[in-house]
Amino acid sequence: MANDKVTLAHGAGGKVSQELMEQVILPAYGNPVLNTLHDGALVNMKGEVAFTTDSYVVQPLFFAGGNIGKLAVCGTVNDLSMTGAIPRYLSVGMIIEEGFPIKDLQTIVSTMKKMADEAGVVIATGDTKVVEKGKADGIFINTAGIGDKIPGTHISPENVKPGMKVILSGYIGDHAAAIMAGRHNINLPESVRTDCAPLNKMTKAMLEAAPDIAVMRDPTRGGVAAVLNEIAAASHCGILIDEDEIPIHPEVQGVCDMLGFDPLYLANEGKCVAFVPAESAEKVLKAMRTSPYGQEARVIGEVTAEAPGTVGLRTGIGGIRVVDMPLGNIVPRIC
Amino acid sequence: MTEVKEKLTKAEERAFAKELVQKIGELAATTGRKLRFMEVCGTHTVAIFRAGLRQILPDSVELVSGPGCPVCVTPDDYMDKAIAYAQRDDVIIATFGDMLKVPGSKSSLNEAKTNGADIRIVYSPMDSIQIAKDNPDKKVIFLAVGFETTAPTAAATVLAAEQQGITNLYMLSAQKLVPPVMEALLNDEEVHVDGFILPGHVSVVTGTGVYEPVIGKYHVPGVVTGFEPLQILRGLYRLVQQVVNGEAKVENEYTDVVKTEGNPVSMAITNKVYESCDTGWRGMGIVPLSGLKMKAEYARFDIEQVLPLEVETVTKKTACRCGEVLRGIVTPKECPLFAKACVPTHAIGPCMVSVEGVCAAWYKYGQGRFEYGK
């Protein structure tokens, strides 16, 4: 089967579908909840439940440091994490284009399993459909997820108040740069790869260290700029960040200069922006640095009472400019 | 003045910028008036805003943007022609992405695309060669818009097409030249500038010599600078120095990459294919010898000669003041449409369309909407 291609029959629900299930999907995802193969999964949750969904249509499907499957698991895990929840169960829906290599599908599902294991989430249910050639672009994946909300936390942009610190977990723009490089055949050094990673363990440590964290967001589409603008608008506060404190790999800056992008607007898939009371900032940073994904965490700015709804950036030479909301598709099909 | 080291730390950069700003202020104050310097390159416009340079400059020095964005200076009738070609079934248009939203007198390429025109976005004119090869039954037209920097690649594309025997690739040319438009600005009674920040990229190609005649004739200082904030500040300092000393010369603050003679290879490629001609600029009308047209021996690559189209352009009256913005006569803030009816998502004037447009830069980086921090 390894050299074969996905056919319409694989999605028709009959014997051939079953083969795909038994030979590709279950060997990868297999777990007691999924293995029952009921119409739906039955799971136990503790109390307040976080629930999210996201669809992944990234192109190219494979890129430096990851593939669409890695994004599909980490993206939903991170969305749950940012609400202050511990992700528990995922669903995986796949829409596959006829003719898609089974070998690539195996790579994608085994990556998904690996990431689910790292995050400690269970793939509890799923669905696979096949559409005619030309009706999809290789494979589209939807994941939905549920998680247990960590008691005592309250994540909401309205909690953001002047004087709070803005913390960023690490280097920005790596994911978008890796995708653009893949798409435009730009040769980048090995070091430029997607930052895609499950952040749930880091955010759990952050919330345990400081339950008073006002809000956490993962700066995916629209990048750090979009997140900051959304929070400035929702909290009716100003945000002033410091250009010199924002970590950008020189290679990523190089790609941006070449293609005319601003790294602040580029998608990340393994980063977290947190708004934290000033007195909790050190505790949060310390907690972040216990995670491999928070080693470069730092304060990049603070919340101000001036210029409500606006994000300002203090430039390297000491000027201030506005960081506007991104307009539209900076880089299409990034996740 | 402190010499720039190979690599400054961020703190050193900030301190150096502060020192330069102070010196610029002190020196400019000795003239007893406000000095007005114009950049004529869209990349400079954006670099100045990105760095927040206007915020830290003393009130005695004003920066004003000129016609430096190739998309912005392209007039309605060119867009109308491009749209008319795009609407033909036998044509594929290849273009840089930012041309799509530029308004013509009636519609835009984007609208044509929505209505079924085959318009492909390319990152280099060379990409249009492959499109031509893949579509032998279509005429592929590259929208050759830009300054001296893009002319060599458009010319090289024509030469490559000739060498490869490609017969279905054409240019719709609106290539523009910087020195003649500087002269037009200096002849314009409404325009007041005390000096030019000369374009970095254009000068890499042309060298600094091309500015000498106009700088000498009109006795206006000019300094070529790079795009880093400190390079621009150093350029400004030298401009103020020239004003104070009553000098008018072309200085080069971008010596790493800009040579007096420019890049002779690029220039030779441009000159092989193109010759100068009068051309129209948005807001300025026809400027003598400020454009490039294809020489007679390459006429078969010039779509306007191969397939002439009569296109009527009736520029409708709007309150848009792009024409004056491009000459530095008004700031975007003085346009009644700016940030109200005209925003990047619904641009009315071309200066709001291109990322290098003056209005787009004002809007994006905050000037004109509010005075953040100043």
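Derivation of every value follows stated rules applied to the coordinates shown; laboratory data play no part. Computed from a prediction, not measured in an experiment: that's the story for all the values here. In this analysis, Cβ positions are derived from the backbone assuming ideal geometry, glycine residues included, and neighbour counts consider all displayed protein chains.
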Per the charge dipole of chain A (beta-carbon charges, Lys/Arg positive, Asp/Glu negative, Cα centre), the residue among A:PRO198, A:TYR171, A:VAL322 reaching farthest to the positive end is A:PRO198
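Based only on other Cβ atoms within 10 Å, what is the fewest-to-most ordering of B:GLU304, B:GLU39?
On the way: B:GLU304 17, B:GLU39 26.
Lowest count first: B:GLU304, B:GLU39.
Order of B:ILE141, B:ILE286, A:ILE231 from fewest to most other C-beta atoms within 10 Å? It would help to have the intermediate numbers written out before the result.
Values: B:ILE141 28, B:ILE286 12, A:ILE231 22.
By the 10 Å Cβ count, ascending: B:ILE286, A:ILE231, B:ILE141.
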May I ask for the longest run of chain A untouched by GluC sites (Glu not before Pro) that are loop-located per DSSP and have at most 15 neighbouring C-beta atoms (other than their own) within 10 Å?
A:191-295
Computed FRET value (nearest 0.05) for A:THR53 with B:CYS277, which takes r as the C-beta separation and R₀ as 51 Å:
0.30
Under Stokes-Einstein, with the Kirkwood radius over Cα pairs standing in for Rh, what whole-number D in µm²/s applies to segment A:149-263 at 25 °C and 0.890 mPa s?
154 µm²/s
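If each DSSP helix of 4+ residues adds -39,500 (n - 2.57) and the sum is divided by the residues in the protein assembly as shown, what number results at 222 nm, nearest 500 deg cm²/dmol?
-10000 deg cm²/dmol
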Here segment A:166-183 yields Karplus 3J(HN,Hα) values (6.51, -1.76, 1.60; θ = phi - 60°; whole Hz; Gly and Pro given as x) of 9, 10, 10, 7, x, 4, 9, x, 4, 5, 4, 5, 5, 5, 5, 4, x, 6
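Taking only the C-alpha atoms, wrap a convex hull around segment B:1-115 and report its volume per residue in Å³ as a whole number. Before the final figure, lay out the partial values.
Numbers: hull volume 18.0 nm³, N = 115.
Per-residue hull volume (Cα only) is 157 Å³.
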From the phi of every residue in segment B:241-248, what ³J(HN,Hα) in whole Hz does the Karplus formula 6.51 cos²θ - 1.76 cosθ + 1.60 yield, where θ is phi - 60° and glycine or proline is x?
3, 4, 4, 4, 7, x, 9, 8
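Within the P(r) computed for segment B:136-209, what percentage of the Cα pairs occupies the region above 15 Å?
On the way: 1760 of 2701 pairs.
Value for segment B:136-209 (Cα pairs over 15 Å): 65 percent.
When N is the residue count of segment B:182-247, what does its C-alpha Rg come to as a fraction of 2.2 N^0.38 Å? All intermediate terms of the calculation are to be shown ahead of the outcome.
Values: Rg = 11.9 Å, N = 66, 2.2 N^0.38 = 10.8 Å.
After normalising by residue count via 2.2 N^0.38 Å, the value is 1.10.
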Would you please state the base-10 log of I(q)/I(0) at q = 0.21 1/Å for segment A:138-195, with intensities from the Debye formula using one equal scatterer on every alpha carbon?
-0.96
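Per the Kirkwood treatment, what hydrodynamic radius in Å, one decimal, follows for segment A:207-335 from the mean inverse distance over all distinct Cα pairs?
On the way: mean 1/r = 0.0648 Å⁻¹.
This gives a value of 15.4 Å.
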Assuming R0 = 25 Å, can you tell me the calculated FRET efficiency for the pair B:ALA15 and B:VAL244, based on Cβ-Cβ distance, to the nearest 0.05?
0.55
Reduced Cα scattering model of segment B:77-211, Debye log10 I(q)/I(0), q = 0.12, 0.17, 0.18 Å⁻¹
-0.56, -0.94, -1.00
Taking only the alpha-carbon positions of chain B and ignoring solvent, what does the Debye formula give for the base-10 log of I(q)/I(0) at q = 0.08, 0.10, 0.13, 0.14 Å⁻¹?
-0.42, -0.65, -1.06, -1.20
By how many degrees, between 0 and 90 and to the nearest 10, does the Cα long axis of helix A:223-235 differ from the longest principal axis of chain A?
60 degrees
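Return the tail of the calculated pair distribution for segment A:65-136, meaning the percent of Cα-Cα pairs more than 15 Å apart. Before the final figure, lay out the partial values.
Values: 1443 of 2556 pairs.
Here the long-distance tail beyond 15 Å is 56 percent of all Cα pairs in segment A:65-136.
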Gyration tensor verdict on segment A:56-182 (Cα atoms; rounded if a/c is under 1.5, prolate if a/b is larger than b/c, oblate otherwise):
prolate
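About its Cα centre, how strong a charge dipole does the protein assembly as shown have in debye, to the nearest 20, once Lys and Arg get +1 and Asp and Glu get -1 at the Cβ?
Values: 68 positive and 83 negative charges, 141 e Å.
Dipole of the protein assembly as shown, to the nearest 20 debye: 680 debye.
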Taking only C-alpha positions in segment B:119-168, Rg and Dmax in angstrom work out to 10.6, 32
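Determine by what factor the alpha-carbon radius of gyration of the protein assembly as shown differs from 2.2 N^0.38 Å, reporting the quotient. Mind dumping the intermediate values first?
Details: Rg = 28.2 Å, N = 709, 2.2 N^0.38 = 26.6 Å.
It is 1.06.
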As a test of the definition: which semi-axes, in Å, follow for segment A:30-86 when you take the square root of five times each eigenvalue of its alpha carbon gyration tensor? Largest first, please.
25, 18, 9
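For segment A:117-221, what is the charge dipole size about the Cα centre, in debye to the nearest 20, if Lys and Arg each add +1 at the Cβ and Asp and Glu each add -1 at the Cβ? Please report the intermediate quantities before stating the final value.
Numbers: 12 positive and 13 negative charges, 56 e Å.
Once rounded to the nearest 20, the dipole reads 260 debye.
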Can you compute the radius of gyration and Dmax for chain A, using only the Cα atoms, both in Å?
20.6, 67
Quote the charge dipole size of chain B about the Cα centre in Debye, to the nearest 20; the model charges only the Cβ of Lys and Arg (+1) and of Asp and Glu (-1).
900 debye
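How big is the equivalent ellipsoid of segment A:261-335 along its three axes, where each semi-axis is √(5λ) from the Cα gyration tensor, reported in whole Å from largest to smallest? Could you put the intermediate results ahead of the total?
Numbers: eigenvalues 112, 84, 26 Å².
Equivalent-ellipsoid dimensions as semi-axes: 24, 20, 11 Å.
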For A:ARG88, B:ARG282, A:ARG298, which order do you get if you count the other beta carbons within 10 Å of each Cβ and list the fewest first?
A:ARG298, A:ARG88, B:ARG282
